[in-house]
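Following: one structure in structure tokens, then a few remarks.
The values are calculated or read from the model by the stated rules, or taken from the named source; none is laboratory data. Worth saying up front: this structure is predicted, and the values here are computed from it rather than measured. Because the Cβ atoms are built from the backbone with ideal geometry, glycine has one as well, and the counts that use them run over all protein chains shown. Just the protein is used for accessible areas: all its heavy atoms, side chains included, with ligands, DNA and RNA removed. Shrake-Rupley method; radii C 1.70, N 1.55, O 1.52, S 1.80 Å.
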Amino acid sequence: MSLRNRFTVLFVAFAILATALEGVLAWNAASRQLEESLEHRLLDVAGVAHELVLGVDEALLLLEPGAEDTDEWRDIQSALQRLVTGFVDGADVFRWMPGDRVARVVATPAPADSVGIGQELSWVQPYVFVEVPEAYRNGFATTTLAPAADGQVYKYGIRRIADGAFLGVRMRADYLETLDTLRWTIVGLSLGAAALAALFGWRLAGGIVGRLETLSRAALRIQRGWMDRPVTLDGEDELSRLARAMERMRSGIQRRDEQMRLMLSQVAHEIRNPLGGLELFSAAAIETEDREERRRILERVRKEVVGLNGVINEFLGYARPGESKVVLHDVREPVREAVALAELELDNKGGELHLGLPATPVIASADPQQVKRLVLNLLRNAAQAGTTVWVDVARRRGEVRVSVRDDGPGVPEELRERIFEPFVGDKEQGAGLGLAIVRKLVEANYGRVELMPQPTGSQSIGKGAEFHVYLRGSEDLPTGDVQRQGARGGRK
């Protein structure tokens with residue numbers, strides 16, 4: 001079943017259940033209220049008839065079969081006939097005593113030749129075990145609904161008018177017609193609510209399904225590599241947020257594709273030039289007969305191979321940064337190791353490297369080898385830019401900060417926003433992946449790296465670049481003798 005049909009069925013089912021439940025509750029409440037109203041009317045009419053019309057007393061119990069011609073019986077029958085004519089659909093006076101299994105007529109509005117004194121009163125018989133004894137004890141009772149031969153439904157009210165004598169009056173349960181009307185009204189409302197729910201559910205589901213289909217088509221375009229069309233969806237609901245997330249995904253994939261194409265192009269460029277030189281040097285080495293010249297040419301071949309290997313390693317370092325093994329460690333140690341490697345490059349160009357480390361351990365939660373690698377990349381980047389480099393390690397608001405500064409020309413304003421992207425830079429050395437690798441390694445260790453604003457007015461460090469790497473700090477000590485290691489901290 002489609003999503004639209006499911007929505008529609010759900011809405012229709014809910015509408016029917018809600019209206020049906022509400023209708024049943026309303027119908028039951030109305031039924032109880034109307035039936036109670038009819039019962040009160042029955043008992044009130046019986047009470048008024050007893051007090052004002054019949055005036056029956058114990059003499060009523062003395063009437064026996066054959067007394068239908070007496071004045072007393074005619075008076076009672078006349079009163080019952082007036083009662084039937086004006087207030088109720090039927091009225092009978094009957095005798096019943098505890099222990100009797102039948103109720104016998106005393107007076108009735110029916111003609112004397114049809115029902116006489118002492119005959120069994122048929123309508124009373126179903127109630128002689130419950131309602132009539134209740135009327136005997138309490139003075140009044142009402143019966144359940146009773147269908148009659150004329151097709152109507154009646155309800156009887158029984159009131160005790162003397163010791164062992166009762167007046168039973170009957171009224172038609174006309175409120176059932178009202179309940180029938182209410183029942184069909186409820187059915188109509190349920191069907192109307194179902195139709196409205198179907199329409200509303202179909203329209204609502206149509207809107208949702210349409211938006212989902214838009215996202216589905218966008219996902220298929222992304223899967224097929226068609227990245228030219230952005231993923232757009234109006235609104236501020238969950239689907240709109242999903243569309244914006246998909247757009248960010250599309251943009252990210254598009255950027256990575258562009259970076260991949262650029263990297264492949266850069267790889268081809270970086271490798272083609274050394275290979276061309278290697279081909280020329282190899283040809284020259286073959287043609288020369290001078291051993292010294294051949295040795296000099298082969299040395300240049302070796303340097304080209306070393307440089308080519310460095311380019312390949314740089315590309316591999318960006319493409320496969322490796323899995324991070326995050327542990328607690330004293331971050332001063334990988335910083336020292338990175339500084340030791342970078343010092344050689346600065347010494348060769350006559351530069352200086354200043355290292356500032358706290359005297360006590362600085363505990364970070366990160367991969368020590370990756371910390372060493374990213375710091376080394378920053379140092380090499382700084383060494384290529386200037387002649388003096390500063391490295392500092394400090395704690396800042398629960399984090400560990402590693403700062404690397406240089407006295408070079410700084411980062412041009414047009415490159416500051418993109419400096420951490422691959423192949424962005426103005427240096428001739430390397431493939432332009434150093435800072436991109438730094439960002440990858442920092443993010444792999446749940447940290448962040450920032451390029452600080454261009455410093456001004458400082459004579460000691462010029463106007464070079466300053467990078468801050470922030471790693472997760474910890475108050476816990478790692479395993480090992482970090483206190484003894486901390487004693488080696490200092491400043492060069």
Practice problem: Would you work out what percent of the accessible area of region 336-404, with all protein chains in place, is carbon or sulfur (probe 1.4 Å)? | Solution: 48
Exercise. At 0.36 nm per residue, minus the direct Cα-Cα distance, what do L264 and A13 gain on full extension? Give it in nm, one decimal, please.
Key: 84.5 nm
Practice problem: Please give the per residue accessible area of region 66-109, computed with a probe of 1.4 Å over protein heavy atoms only, in Å². | Solution: 50
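Please express the shape of region 169-234 as an equivalent ellipsoid: the semi-axes are the square roots of 5 times the eigenvalues of the C-alpha gyration tensor, given largest first in whole angstrom.
Numbers: eigenvalues 655, 11, 6 Å².
Computed over region 169-234, the values are 57, 8, 5 Å.
Given an 8 Å cut-off on Cα distances and at least 6 residues of separation, report the relative contact order of region 112-235 as a percent.
Details: 79 pairs, mean separation 14.3, N = 124.
Relative contact order for region 112-235 comes out at 12 percent.
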Quiz prompt | Accessible area in square angstrom per residue, region 148-256, 1.4 angstrom probe | solution = 58
Quiz prompt | Calculated from backbone phi, Karplus (6.51, -1.76, 1.60) coupling profile of region 29-35 in Hz, x at Gly/Pro | solution = 5, 5, 4, 4, 5, 5, 5
Quiz prompt | Cα→Cβ-extended label distance, 7 Å offset, between E238 and N313, nm | solution = 5.1
Practice problem: Starting from the amide H of H354, placed 1.01 Å from N in the peptide plane, find each other amide H under 5 Å away whose residue is 5 or more places distant or on another chain. | Solution: V389, W390, V391
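How much of the accessible area of region 103-209, in percent, comes from carbon and sulfur atoms when a 1.4 Å probe is used?
60
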Exercise. Any of K372/K440; K325/K372; K349/K440 with alpha carbons more than 22 Å apart? Name them for me.
Key: K349/K440
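For region 333-401, count all C-alpha to C-alpha pairs, find those more than 17 Å apart, and express that count as a whole percent of the total.
On the way: 967 of 2346 pairs.
The share of Cα pairs beyond 17 Å in region 333-401 comes to 41 percent.
Accessible area, 1.4 Å probe, largest first: how do H468, H354 sort? Spell out each step's value before the answer.
Numbers: H468 10, H354 60 Å².
Result of the area sort, largest leading: H354, H468.
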Quiz item: Of the listed peptides 28-41, 96-109, what is their order by residue-averaged count of other C-beta atoms within 10 Å, with the highest listed first?
Solution: 96-109, 28-41
Quiz item: Which whole-Hz ³J(HN,Hα) couplings does region 390-398 yield from phi under the Karplus relation 6.51 cos²θ - 1.76 cosθ + 1.60, θ = phi - 60°, glycine and proline marked x?
Solution: 10, 10, 9, 10, 8, 9, 9, 6, x
Self-check item: Spatially proximal aspartates and glutamates relative to K303 (Cα-Cα < 12 Å; intrachain offsets below 8 disregarded)
Solution: none
Self-check item: Cβ-placed point charges (K, R +1; D, E -1), dipole of region 163-253 about Cα centre in debye, nearest 20
Solution: 720
Practice problem: Place the peptides 62-69, 369-376 in order of packing, highest mean first, counting for every residue the other Cβ atoms within 10 Å and averaging per peptide. | Solution: 369-376, 62-69
